[in-house]
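Scroll down for the structure; my scribbles are underneath it.
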Amino acid sequence: MINKIRQIYLRSHQLPRPPENGPTVSPITEVISETNPDCQPIIEVLLESDHDFKLLLNNIPAVVFKGYADGSVDFFDQKIEALTGYPRGDFESRQRKWIDLVLEEDFDTVKRAFVHGLKTDKSYVREYRIRNRNNNFLWIQERSQIVCDKSGKVQYVSGIFFDITLQKQTEEALQEGERFLSSIFGSILDGISVIDLNYTIVQVNHTMEKWYPQALPLVGAKCYEAHHGRLEPCQPCPAHRTMLTGEPHSDTIPLKSADGRIVGWLDVHAFPWLSKSTGKIKGVIKYVQDISYRVEAEQTVAESLINLQKALKGTVQALANTLESKDPYTATHQRRVVQLACALAQELGESPHYIEGIRVMGFLHDLGKIAVPGEILSKPTRLSGYEFNLIKVHPQAGYDILKAIDFPWPVALAVLQHHERLDGSGYPHGLLGDDIIREAKILAVADVVEAIASHRPYRPALGIDRAMAEISRHQGILYDSEVVRTCLRLFSEKRFSFS
């Protein structure tokens, strides 16, 4: 009985459609009535099945069809018109064949899928394009079953059409985005490497392959093996730190050749690679810059700076020696002033660069005495007023000699002001407090202390105690209070002494 019903069902779906205004009796009912008028119970069951079948056809998001070898197709509902723009009747009257809608470029794809299905399990899935009534392209996914007779001859194909145009457009947009990102990824001149949490390289760009040709292929290798020739992860390492903290890290590392020689330097910046679904870190993206040129430039600058410093020291020493040849006492005085002034600057918390400037200023602070007659500089008795006025010219003379030299410190200005005093009683310009630069205030205390404590051509040394009393009595009046307190502390607590 079941086989009989199945035959009746198949026969019903091969009958022509009833006229639009004809009776609404189901074709399947007519077939059964003609075959066996006494099968009323069966008719009722099949009527219900036919209703369910139509309900299913109307609600599935696809077009159900039955196709034949000549390219003609029968459809079971009206959705074909929404899909193609052509009425269902055009296909069933054979005025239009489905194959007429398929793009010629896709014929081979369509044929290959059918042949493969015929040779295997008589089913196939194929995707191709059609042109609808509005001359627009649509992507179709066809899922079909080939039905053959007992001899293996194809009778028809039954299946469904899905409109996958939107899906294809989305895929194309994604592929275009991937191609765009890939082109950017490949064209960046800096290195990019993506590694997972096991330190396995997932992706690299061409620049990384160029830097590590000895370790190719990089993808699939451990980063510490490929990049550094190590058997275990590097620690500390920016990628390792990023894995631990989830934060970006960076470091500078050497670029080594296959034989272990350092051939360059790289700045490595590690960023967390986060999962889109969970937001958790799933690896590290390393952005690597070749900074070899910068390191080389820095080394060149450092070497040039060293050479300039040597030249500067030589120039300063030559100037100091010029004065020493004229007045040996002044040369000794300058060296001792340098010793105390640098100690004061260090105790005041100044930087090494600042202290180096104080050293240069100390050596050159009395350079202007070159303009003073030698007999006055070495006179064994007290100077007259006229002679002292000649001595007072030396700060200005020293400034005039040094002002054209582009020192990295205010050397010429410190030389000009080292005899100025806070209350305006100094020379050559009688400056007050804040008008005097700090370097000159340090030199002033060191100069006075050394002059009082040491032998002068016209008198014996007065000693350190006398020098400490002088600056203590006049702190805040003639000399800067902070510098004076620092000097007192150097001699009383730090046991400073001239060597």
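The values are calculated or read from the model by the stated rules, or taken from the named source; none is laboratory data. The shown structure was predicted, so the numbers you read here are calculated from the model rather than taken from an experiment. With ideal geometry, Cβ positions are generated from the backbone for all residues, glycine too; neighbour counts draw on all protein chains shown. Surface areas here come from the heavy atoms of the whole protein model, side chains and all, with no ligands, DNA or RNA. Shrake-Rupley method; radii C 1.70, N 1.55, O 1.52, S 1.80 Å.
Of note:
- Which numbered condition GLU439 misses (of (1) acidic (Asp, Glu); (2) more than 58 Å from the chain's Cα centre (by Cα); (3) within 15 Å of TYR479 (Cβ to Cβ)): (2)
- Subset of the stretch 406-424 [open to solvent by 40 Å² or more (accessible area, probe 1.4 Å) and under 49 Å from the mean Cα position of the chain (by Cα)]: ASP406, PRO408, PRO410, LEU413
- When residues of the stretch 190-215 are limited to those that are polar (S, T, N, Q) and out of contact with any Phe, Trp or Tyr (no Cβ under 6 Å at 6 or more places or on another chain), the one surrounded by the most Cβ atoms within 10 Å (Cβ to Cβ): SER193
- In the set ASP77, ASP108, ASP90, only one residue is without any contact (Cβ under 8 Å) to a residue 60 or more places away in the chain, open to solvent by less than 50 Å² (accessible area, probe 1.4 Å) and not in a loop (DSSP other than H, G, I, E, B); that residue is ASP90.
- Screening ALA311 on (1) in contact (Cβ under 8 Å) with a residue 40 or more places away in the chain; (2) assigned to a helix (DSSP H, G or I); (3) of a type outside the set (D, E, K, R) shows it passes everything except condition (1).
- The stretch 127-155, residues that are surrounded by 13 or more Cβ atoms within 10 Å (Cβ to Cβ) and either acidic (Asp, Glu) or on the phi > 0 side of the Ramachandran plot (or both): GLU127, GLU142
- When ALA239 is tested against (1) in a helix (DSSP H, G or I); (2) under 28 Å from TYR293 (Cβ atoms); (3) out of contact with any strand residue (DSSP E or B) (no Cβ under 6 Å at 6 or more places or on another chain), just one condition goes unmet, and that condition is (3).
- Residue check, LEU218 open to solvent by 80 Å² or more (accessible area, probe 1.4 Å), modelled with pLDDT of 90 or more and of a type in the set (A, V, I, L, M): no
- Any chance LYS97 is free of Cβ contacts under 8 Å to residues at least 12 places away in the same chain, farther than 24 Å from LEU166 by Cα and of a type in the set (Lys, Arg): no
- In the set LYS326, LYS286, LYS369, LYS313, only one residue is farther than 23 Å from LEU490 by Cα, modelled with pLDDT under 90 and buried (at least 21 other Cβ atoms within 10 Å of the Cβ); that residue is LYS369.
- In the stretch 242-266, residue farthest from the chain's Cα centre (by Cα) [restricted to those that are in a loop (DSSP other than H, G, I, E, B) and within 14 Å of VAL284 (Cα to Cα)]: GLY246
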